[in-house]
Amino acid sequence: MSSFNTFKIIAIDGGAAVGKSSTSKGLAERLGLMHVDTGSHYRTLTSAILSSGEDAEEREAISKILDALKLSTQIDGRTAKLGINDRVPADSDLRSPEVNAQVSKFAAIPEVRKKLFAYQRSLADLAREQQYAGLIMEGRDIGSIIFPEAAYRFYLDADEATRAARRAKEGQTDPIAARDRMDSTRQAAPLVCPRGATQINTAHHTLEEVIEKITHLIGS
Ligand code: CDP
């Protein structure tokens, strides 16, 4: 059967600075997909919790903060962005050294993940309604937990030196090795290579080559 007219869900998982965002945005552009960066969702909630003025060490306090947050979506180009109480935070706020240092701690809390689960799944319906050819979602648990039924699952990787060099080039202070350690050892939705996912080492290819390879593998 031809894949023409079939709505596609593509899951892109991997650790910090492996190239998930550039790959996903490039594929969204090339294949007419809606793009979602779930890392920015965890960054948005982290930033909201940190700026709430409440004690962010207490799970009960965190639950109360989360209950008061209303999630919304704004589409910017091909990317669907998470808004809190109808405001999408600036990228510079989401990638501040403080958020970089704290995001994995909050992402490990089950209540934080629960707040996002149904929202993230609902974005497939939004992409269908908006007549995108499919949805490309990047993160740590997309092929394993959020869309285990996704027909196309990829796990990107790269050696630590390459990844650290990418972040330094972007001028960011970001403890990527520590984040990866926390993300892969936590109980709730740990970073894993999803079953059946195709692994791609992005240190061995240019961005264009990775995009080409994935496009070829999904048969577009
Ligand atoms: O851009 P980078 O790959 O460095 O990180 P990110 O995708 O912005 O994700 C920031 C953090 O959010 C990760 O280190 C994880 O702690 C968390 N995260 C998660 O737990 N689950 C996801 N699906 C995506 C991100």
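Laboratory data are not the source of any read-out in this text; all were calculated from the coordinates shown. Bear in mind that the values here come from a model prediction, so they are computed numbers and not experimental data. Note that we place each Cβ from the backbone using ideal geometry, even for glycine, and neighbour counts take in every protein chain shown.
A few comments on the model shown:
- Distant-in-sequence amide H partners of residue 152 (H built 1.01 Å from N, under 5 Å): 9, 11
- Charge tally around residue 98: other residues with Cβ under 13 Å, Lys/Arg +1 each, Asp/Glu -1 each, net +1.
- Beta bridges by DSSP in the chain, antiparallel share as percent, to the nearest 5: 25 percent
- Prolate/oblate/rounded label for segment 61-127 (Cα gyration tensor, a/c 1.5): oblate
- Sequence-distant lysines (8 or more away, or on other chains) whose Cα lies within less than 30 Å of residue 64: 81, 105, 114, 115
- Counted charge near residue 175, where neighbours are those whose Cβ lies closer than 10 Å (Asp, Glu -1; Lys, Arg +1): +1
- Local net charge near residue 214, Cβ-Cβ under 15 Å (Lys/Arg +1, Asp/Glu -1): -1
- Amide N of segment 96-125 lying under 14 Å from the label point, which is placed 7 angstrom from the Cα of residue 185 along Cα→Cβ: 105
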